[in-house]
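> Just dropping this structure here.
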Amino acid sequence: MDPREQENVIRMSRRNFLLRSAGVGAGLMVVGALPAFLAACSSSSSSGGPGASGGGALTTLNVLAPAAPDPAPPGVAKFSDTIVAAFNKWQTDNSAKVVYEAPPWPQLHDKMQTAFASGNPPWDVVYMSGWVPEFASDIVPISDMLPADLKADLPPSSFSTTTWDGKTYGVVFTLSLMTLFYNTEHFAAAGITEPPKTWDDLKTYVKELTKPGQYGWVLNYGAPEGIGGTASYWMIYLQQAGGKMYGPDGMPVFNDTPGVDALQLMVDLQAAGTDPGSISYVGINDATNVFTAGKASMMMNWPFTWMPAQDPTTSKIVGKIGDALLPAGPNGTASIDGTDAWTITTASKNPELAMKLIEFYLDPAVQKSQAIDTGWLPIRLSVLNDPEVQAKATNAQTVLAQSQHPYDSFVTPDYNQVTQALGTEIQKALKGDSTAAQAIKDASDQVTAIVKSRT
């Protein structure tokens, strides 16, 4: 890879938390499930499906995936040598050649948009992140293709971001939910013995933990749009308040008490002791750097942050980090999902073989290696409960517990446009240029116009 391209991957990655640790464990071996897994790979070639071995030419499967350190598949990410060997064996046994196109994450959406618009996309399998509704006409419904045992091993809510108009178009492969990260040393110094359980606790703690050189809370509010942008954080609080983005007719319904209360909480946290720089921090890594420098006591963050945050070369708070469920609002705790999913294009000439490849990506051994070697947690419940996974990614149990509560990211075909409008109004309230009630009303008017334009 050209050095300038590599630099672009690192700089522009959606969730490039402390990347010097992103490849931790690249040489680790996953042995527990491998013998059965390799046997399954070998036996799969006898099924007679497309591309099955038997003397025919290799079948090429083209895959569009993110470049590492974003959640890339075996052959792209730094999985262990054993899993790469299993991936090569899968290709051999299925007479398949998997060819990856793996640009930096920010290029994926526009690349897909251009290719799908041309009517001739070159890929069989494509990665999606909240874009399923937008590209639903270009990808294949896969509900009937997913094995029953695999579906039973996934959190039911995981399909919410890959379902549109009653059809499921993809399968999420990493459980990427926001949870609470907090500095245990700061808590002890303030006489706080447990993480905040409620909104009131959170506001109280933020105020108590704020002092010269230290803020009680930090996040990134500099970018209004997208998953991990300002609007998506408000969506977390909206669900905790018992609200929804849209009604049964698809029109916005968030201009109500839960919608206003959710934003008022964000405003109250600003006043209580949020790092003032939060309003200008564009990416989650900006806020994470403040937290890992010991200059902020709490934040919500993605699971992938956990392992690099424990690396002494990139973090000053190693051994001083706690994690917990996000504090509950009037309707309990809730989160959002990073919505990282695999889908099959309608242009694929080998959808059955493409599905087998996705099943490979979701095999327990691959999922285990994904967690241990790359830091991206598995989506399979059985693997999340694996002792080795929980020993390496000690936040896995908290993320698993968070998955038992709502985590709707409210994706629609115009998600970026909606979150741009919504997040911009939220920013006004956070800067003191608008009240929470006025910002939500103005945002509701704009989102209503966007949805009406689509429908």
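Any read-out appearing in this document is the output of simple, stated calculations on the displayed coordinates, not a laboratory observation. Predicted model, so just to flag it, every value in this text is computed and none were measured. Cβ coordinates were reconstructed from backbone atoms using ideal geometry, including for glycine residues, and neighbour counts include every protein chain displayed.
> How long is the gain from V253 to D445 if the chain were fully straight, where each residue apart is worth 0.36 nm and the alpha carbon distance is subtracted?
Full-extension gain reported as 68.1 nm.
> Would you kindly compute the Cα radius of gyration of the chain and its largest Cα-Cα separation (Dmax), both in Å?
In order Rg, Dmax, the Cα atoms of the chain give 21.9, 72 Å.
> May I ask which residue of T424, F410, Y361 lies farthest towards the positive end of the charge dipole of segment 359-450, with charges of +1 (Lys, Arg) and -1 (Asp, Glu) on Cβ and the Cα centre as origin?
T424
> Please list the non-local residues whose amide H lies under 5 Å from the amide H of K167, H modeled 1.01 Å from N, same-chain partners needing a gap of 5 or more.
HN-HN under 5 Å from K167: empty list.
> Next question. Measuring from label point to label point, each 7 Å out along Cα→Cβ, what is the V99 to D144 span in nm?
3.1
> Related question: On a 0 to 90° scale, report how tilted helix 415-430 is relative to the longest principal axis of the chain, with both axes built from alpha carbons and the result rounded to the nearest 10.
20
> A further question follows. Grab the eigenvalues of the alpha-carbon gyration tensor for segment 98-172, scale each by 5, take roots, and send me the semi-axes largest first in whole angstrom.
One finds semi-axes of 23, 14, 12 Å for segment 98-172.
> How fast does segment 327-367 diffuse by Stokes-Einstein, in µm²/s, taking the Kirkwood radius from C-alpha pairs at 37 °C and 0.692 mPa s?
D = 249 µm²/s.
> Something else: Ranked by Cβ crowding within 10 angstrom, fewest neighbours first, how are S444, S297 ordered?
Ordered from fewest to most neighbouring Cβ atoms within 10 Å, S444, S297 come out as S444, S297.
> Ok, one more. Quick one: check the C-alpha center-to-center distance for segment 69-103 versus segment 298-346, whole angstrom.
26
> Using DSSP, restrict attention to beta bridges with both residues in the chain and report what percent are antiparallel, rounded to the nearest 5.
Of all bridge pairs located within the chain, approximately 65 percent are antiparallel.
> Here's a follow-up. Hey, what D do you get for segment 223-381 in µm²/s if you plug the Kirkwood alpha-carbon radius into Stokes-Einstein at 10 °C and 1.306 mPa s?
86
> Report the per residue volume, in Å³, of the convex hull enclosing the C-alpha atoms of segment 363-455.
With only Cα atoms used, segment 363-455 gives 152 Å³ per residue.
> Using a simple spin-label model with points 7 Å from Cα along the Cα→Cβ vector, what separation in nm is obtained for Y246 and A57?
4.3
> Could you tell me how many degrees, from 0 to 90 and to the nearest 10, lie between the Cα long axis of helix 3-12 and the main elongation axis, the longest principal axis, of the Cα atoms of the chain?
The answer is roughly 50 degrees.
> Note the direction-averaged projected area, equal to a quarter of the hull surface, for the Cα convex hull of segment 290-372, in nm².
Answer in nm², one decimal: 9.0.
> Starting from 0.36 nm per residue, how many nanometres of slack lie between A152 and D433 once their C-alpha separation is accounted for?
96.4 nm
> Something else: Using mean Cβ contacts within 10 Å as the protection proxy, how do 410-416, 164-170, 366-372 order, highest first?
366-372, 410-416, 164-170
> If you fit an axis through the alpha-carbon atoms of helix 436-454 and take the longest principal axis of the Cα set of the chain, what angle between them do you get, 0 to 90°, nearest 10?
Orientation of helix 436-454: about 30 degrees from the principal axis.
> Sorted by mean Cβ packing within 10 Å, highest first, what order do the peptides 422-434, 109-121 take?
Answer by packing, highest mean first, reads 422-434, 109-121.
> So, one more: Relative to the compact globular guide of 2.2 N^0.38 Å, what is the alpha carbon radius of gyration of segment 394-436, as a ratio?
1.69
> In Å and from the alpha-carbon atoms only, list the Rg and Dmax of segment 307-446.
19.8, 54
> Once you have the Cα-Cα distance between A401 and T204, take 0.36 nm times their residue separation minus that, and quote the gain in nm to one decimal.
Length gained, A401 through T204: 68.5 nm.
> Quick one: plug the Kirkwood hydrodynamic radius of segment 180-312 (C-alpha pairs) into Stokes-Einstein at 25 °C, 0.890 mPa s, and report D in µm²/s.
Value of D from the Cα-based Kirkwood radius: 159 µm²/s.
> Order of 89-97, 65-73 by packing, highest average Cβ count within 10 Å first?
So the peptides 89-97, 65-73, ranked by packing, come out 65-73, 89-97.
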